[in-house]
Amino acid sequence: MKKKIFLSLLVSVCVFTTASKALAADKYLGNFCWQVFNSAGQPYWIYKFGVYEKEGGHLSLFGSIGYGANGPSAAHGNAISIGGNIKMTIVSSDYEEAEGQVWSETFTATLNASTLSGEWNALSLETDDGINVITKFQMGSMSPIACN
């Protein structure tokens, strides 16, 4: 009986250690921030991410989207370096109490790897009154800025 318990414990530790290493990011690259502009060139919001590099050119993004009176909202995503570009996908959502609005957005961008600026597209779902859902498609550009 003791052998079975010891063997189960040993297998559990090995599985946990392997899973932890697989989920861990390899290298912290620092905080990166972007100002997002709409298609008319007006500032929309700011993304702030802690960026982690994993093997094979993959990047993990953990941070926030900040705009308006509601303050920052959680955002996360991933990116991959392909040739001279970085392709990025970001997901964020929040409930804005003052407006009674819920929104969820999937944001994609292609950035120049040397300038970290580029173009973006987003698809979002919003409620205008907590009941009716509005689908929006938006696009524009984004440029890196100093993080505050």
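Restrict the check to the stretch 14-28 and report whether at least one residue is at pLDDT 95 or above, touching a strand residue (DSSP E or B) at 6+ places or on another chain (Cβ under 9 Å) and either within 15 Å of residue 144 (Cα to Cα) or in a strand (DSSP E or B) (or both).
Taking the stretch 14-28 first, the residues at pLDDT 95 or above are 28.
So of that shortlist, the ones also touching a strand residue (DSSP E or B) at 6+ places or on another chain (Cβ under 9 Å) come out as 28.
If we keep only those that are either within 15 Å of residue 144 (Cα to Cα) or in a strand (DSSP E or B) (or both) too, we end up with 28.
Yes, that holds for at least one residue.
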>> Just to be sure I understand the filter: pairs with C-beta atoms under 9 Å, separated by 6 or more residues or on different chains, first member in the stretch 127-143 and in contact (Cβ under 8 Å) with a residue 40 or more places away in the chain and closer than 16 Å to residue 105 by Cα, second member open to solvent by less than 40 Å² (accessible area, probe 1.4 Å) and among the polar types (S, T, N, Q). Which pairs pass?
In response: 138/38; 138/124; 139/38; 140/38
> Given (1) more than 17 Å from residue 42 (Cβ to Cβ); (2) open to solvent by less than 80 Å² (accessible area, probe 1.4 Å), where does residue 98 come up short, assuming only one miss?
Replying inline: (2)
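A quick yes/no check of all residues on (1) exposed (fewer than 13 other Cβ atoms within 10 Å of the Cβ); (2) within 14 Å of the chain's Cα centre (by Cα); (3) outside any strand (DSSP E or B):
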{"position": "30", "(1), (2), (3)": "yes, no, no"}
{"position": "33", "(1), (2), (3)": "no, yes, no"}
{"position": "40", "(1), (2), (3)": "yes, no, yes"}
{"position": "89", "(1), (2), (3)": "no, yes, no"}
{"position": "103", "(1), (2), (3)": "no, no, no"}
> Which condition number does residue 93 fail, the rest of (1) assigned to a strand (DSSP E or B); (2) over 15 Å from residue 67 (Cα atoms) being met?
Replying inline: (2)
>> I need the full set of residues from the stretch 122-143 which are closer than 20 Å to residue 79 by Cβ and open to solvent by 60 Å² or more (accessible area, probe 1.4 Å), in order please.
In response: 123, 139
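The values are calculated or read from the model by the stated rules, or taken from the named source; none is laboratory data. In this text, all values refer to a predicted model and were calculated from it rather than measured experimentally. Every residue, glycine among them, receives a Cβ derived from its backbone with ideal geometry; neighbour counts consider all protein chains shown. Each accessible area value is taken on the protein alone, full model and side chains, heavy atoms only, with ligands, DNA and RNA left out. Shrake-Rupley method; radii C 1.70, N 1.55, O 1.52, S 1.80 Å.
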